[in-house]
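Notes to accompany the following structure.
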Amino acid sequence: MDRREALVEELRTNGRLSAKELAERLDVSKRTIVRDIARLQAEGVPIRLDPGGYLLDPSDEVKRAIDRSLAGRRVLRIEYHDTKGGVTTREVEPSICLGGRGGYWYLVAWCRLREDVRVFRLDRITRATVTAERYPEPSQARMAELAAALPT
């Protein structure tokens, strides 16, 4: 793993870290960390600086994972926080991602956990990982279910 990949993994695993903490963990100077972060940001990695340190912006990372999943018809593993505070890990087969309903983005997908179509608010997805597994083209019946689930 190269240093920049290790830097991203440190942020993904540990959350907010200062340049000093990252430099100590990766055994480099703070200047190297700042330079690496600038390069990663230029490449589109959603790292931002908040008071207290650098962190990955999960919403951008989630959207990019959804885009990759949709483009390759790959199963997406998500960590989802429901309205009651519960957290579940689910494997879903995304069909469409849309925005504009009440200012929120939504993912409409077949949920393997619930064995049904579900609509997920993107701001409640805290982690999304594209798996290697491809899912089949949805049947006409499933497409009808997906269309019926769209928020109105």
Checklist entry - Against the longest alpha carbon principal axis of the chain, how many degrees, from 0 to 90 and to the nearest 10, is the axis of helix 58-72 turned? => result 50 degrees
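For the residues ARG68, ARG31, what sequence is obtained by ranking on other C-beta atoms within 10 Å, fewest first?
On the way: ARG68 15, ARG31 10.
The order, fewest Cβ neighbours first, is ARG31, ARG68.
Which value, in debye to the nearest 20, gives the size of the charge dipole of region 59-149 about its Cα centre, when Lys and Arg are +1 and Asp and Glu are -1 at the Cβ? Walk me through the numbers before you get to the answer.
Values: 17 positive and 13 negative charges, 18 e Å.
Around 80 debye, computed over region 59-149.
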Item to check | Among SER18, SER69, TYR80 the positive-end extreme of the charge dipole of region 1-82 (Cβ point charges) | outcome: SER69
Item to check | Rg ratio (alpha-carbon, reference 2.2 N^0.38 Å) - the chain | outcome: 1.20
Checklist entry - So what are the ³J(HN,Hα) numbers for region 44-57, from phi and the Karplus equation (6.51, -1.76, 1.60; θ = phi - 60°), rounded to whole Hz, Gly and Pro as x? => result x, 6, x, 9, 10, 9, 10, x, x, x, 8, 8, 7, 7
Checklist outcome for this item: GluC sites (Glu not before Pro) in region 50-152 lying in a DSSP loop, each with at most 14 other Cβ atoms within 10 Å of its Cβ, come to GLU115
Next on the checklist: Explain nothing, just the number: dipole magnitude of the chain about its Cα centre with +1 on each Lys and Arg Cβ and -1 on each Asp and Glu Cβ, in debye rounded to the nearest 20.
Outcome noted: 160 debye
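Compute the FRET efficiency between ARG35 and THR131 as 1/(1 + (r/R0)^6), taking r as their Cβ-Cβ distance and R0 = 30 Å, and round to the nearest 0.05. Don't jump to the answer; show the numbers that get you there.
On the way: r = 33 Å, r/R0 = 1.10.
Computed FRET efficiency for ARG35 and THR131 comes out at 0.35.
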Checklist outcome for this item: Taking the reciprocal of mean 1/r across every pair of different Cα atoms in region 28-82, the Kirkwood radius in Å is 13.2 Å
Next on the checklist: Using Cα springs under 10 Å in a Gaussian network model of the chain, which residue among ASP116, ASP27, ASP36 shows the largest mean-square fluctuation?
Outcome noted: ASP27
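Report the far tail of the P(r) of region 59-149, meaning the percent of Cα-Cα pairs longer than 15 Å. Provide the component values of the computation, followed by the final result.
Working: 2271 of 4095 pairs.
Counting pairs separated by more than 15 Å, the tail of P(r) holds 55 percent.
Could you tally the net charge around ARG3, taking each other residue with its Cβ under 12 Å from the Cβ of ARG3, Lys/Arg +1 and Asp/Glu -1? Can you show the working numbers first?
Values: positive: ARG4, ARG25, ARG35, ARG39; negative: ASP2, GLU5, GLU9, GLU10, ASP27, ASP36.
Cβ neighbours under 12 Å give a net charge of -2.
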Checklist outcome for this item: Ordered by number, the trypsin sites (Lys or Arg not before Pro) in region 114-152 that occupy a DSSP loop and have at most 15 other Cβ atoms within 10 Å are ARG114
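Taking a quarter of the surface of the convex hull around the Cα atoms of region 3-56, what do you get in nm²? Mind showing how you got there, number by number?
Working: hull surface 12.2 nm².
Projected over every direction and averaged, the Cα hull of region 3-56 covers 3.0 nm².
Quick note: the coordinates plus some simple rules give every number you see, no bench work behind them. Every value quoted in this text rests on a predicted model; they were computed, and no experiment measured them. All Cβ positions, even for glycine, are placed from backbone atoms using ideal geometry, and neighbour counts span all protein chains on display.
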